[in-house]
1. So which residues in the stretch 146-174 are of a type outside the set (S, T, N, Q) and crowded, with 18+ Cβ neighbours inside 10 Å?
2. Quick check on my filter: what residues within the stretch 54-74 are of a type in the set (Val, Ile, Thr) and within 18 Å of the chain's Cα centre (by Cα)?
3. Does Gly97 fit the bill of being out of contact with any His (no Cβ under 7 Å at 6 or more places or on another chain), farther than 26 Å from Lys250 by Cβ and surrounded by 19 or more Cβ atoms within 10 Å (Cβ to Cβ)?
4. Of everything in the stretch 44-71, what is within 16 Å of Thr114 (Cα to Cα), of a type in the set (Val, Ile, Thr) and surrounded by fewer than 23 Cβ atoms within 10 Å (Cβ to Cβ)? Give them in sequence order.
Amino acid sequence: MSKLLSAAVLALLAGTTLVGAPAIAADPTPATPAQPSTATPGSRIAAERSAAIVTIKFVLKSEEGEQEEETTGAMMDASGLVICSNKPFGGLMARMGMSVPTPTDIKILVGDDTQGVSAKFLARDTELGLAWLQVEEAPKTPYAFIDFAQSAEPKTGEVLYAVSLMGKFFDRAPMLSEGFVTATVTKPRTLIMPSVGIVVGGDEGLPIFDANNKVVGFSTLILPEREEMVAGQMQAAMKGFLGQMILPSKDVLDATARAKETAKNNPAPEEPKADAPPAPEAPAAPEPAPAPKQ
């Protein structure tokens with residue numbers, strides 16, 4: 001090997017460049033490692049699902065008088081079908097066979113709306129503890145909603161999430177709560193039992209999601225038959241009950257279909273408008289003229 005060739009080989013091995021050889025420029029910018037996402041399953045669920053959670057304002061009329069109430073529900077379709085707990089509408093009273101108050105002046109508050117849109121009470125399922133409302137006027141923009149057909153079936157131990165709304169004092173801010181599946185029972189029906197805290201403050205009537213943002217069902221309160229409660233057997237019957245339960249999504253859809261059918265066959269009578277002027281009285285008939293004297 002010639003001296004010139006040997007020098008070229010040594011230069012290449014040493015990482016140097018021979019005079020007259022083209023230099024290869026190195027990239028001065030060091031590679032930036034990919035940054036892990038800071039989003040958690042809960043934060044994604046709160047961001048994507050809170051728009052479908054609504055506040056329901058209404059007045060309950062009973063023999064004792066009227067009382068303003070407020071609760072939370074969820075949009076089920078883009079037209080304004082709302083599902084919520086039947087408990088605020090007198091559901092426990094109905095379950096005990098007592099007189100049930102009548103909900104009136106129903107308003108649905110969506111997003112930043114503080115006035116609400118008018119809605120009607122569509123139907124209730126006393127056994128399942130559910131109620132349905134319908135926004136009366138079609139929205140200009142379709143509502144965000146929870147599609148219960150796109151659901152999942154969680155197993156014991158899997159994490160669950162609920163998105164609710166805080167009260168008026170806290171500007172009804174969205175609030176996330178977390179729990180897990182403690183059991184799945186098949187009697188008296190299929191129910192998912194969550195840990196304490198998934199539904200804050202005992203506020204049933206919320207859609208529940210898994211870590212993949214799939215809806216698993218709707219939180220509710222299902223009690224034993226009236227005879228069991230009256231007989232004092234409720235404590236034994238409800239052993240293991242932690243304060244709420246989740247009706248699976250499939251059963252929510254079946255119950256909603258029945259509610260729609262009930263509302264279709266038995267439409268609620270319209271309430272008279274409070275501001276309507278009274279109907280004008282009919283004019284009095286003129287008195288007959290006296291008969292001429294004979």
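1. Of all residues in the stretch 146-174, those of a type outside the set (S, T, N, Q) come to 146-149, 152-155, 157-163, 165-174.
Ile146, Phe148, Pro154, Leu160, Tyr161, Ala162, Val163, Leu165, Arg172, listed by residue number.
2. Of all residues in the stretch 54-74, those of a type in the set (Val, Ile, Thr) come to 54-56, 59, 71-72.
Val54, Thr55, Ile56, Thr71, Thr72, listed by residue number.
3. Numbers: out of contact with any His (no Cβ under 7 Å at 6 or more places or on another chain): yes; farther than 26 Å from Lys250 by Cβ: yes; surrounded by 19 or more Cβ atoms within 10 Å (Cβ to Cβ): no.
Against the criterion (out of contact with any His (no Cβ under 7 Å at 6 or more places or on another chain), farther than 26 Å from Lys250 by Cβ and surrounded by 19 or more Cβ atoms within 10 Å (Cβ to Cβ)), Gly97 does not qualify.
4. Answer for the stretch 44-71, where residues must be within 16 Å of Thr114 (Cα to Cα), of a type in the set (Val, Ile, Thr) and surrounded by fewer than 23 Cβ atoms within 10 Å (Cβ to Cβ): Thr55, Thr71.
Read the figures in this text as sums done on the coordinates, not as results from a lab. Predicted, not measured: the structure shown is a model, and the values here were computed from it. Glycine also receives a Cβ, built like all others from the backbone with ideal geometry; neighbour counts cover every protein chain displayed.
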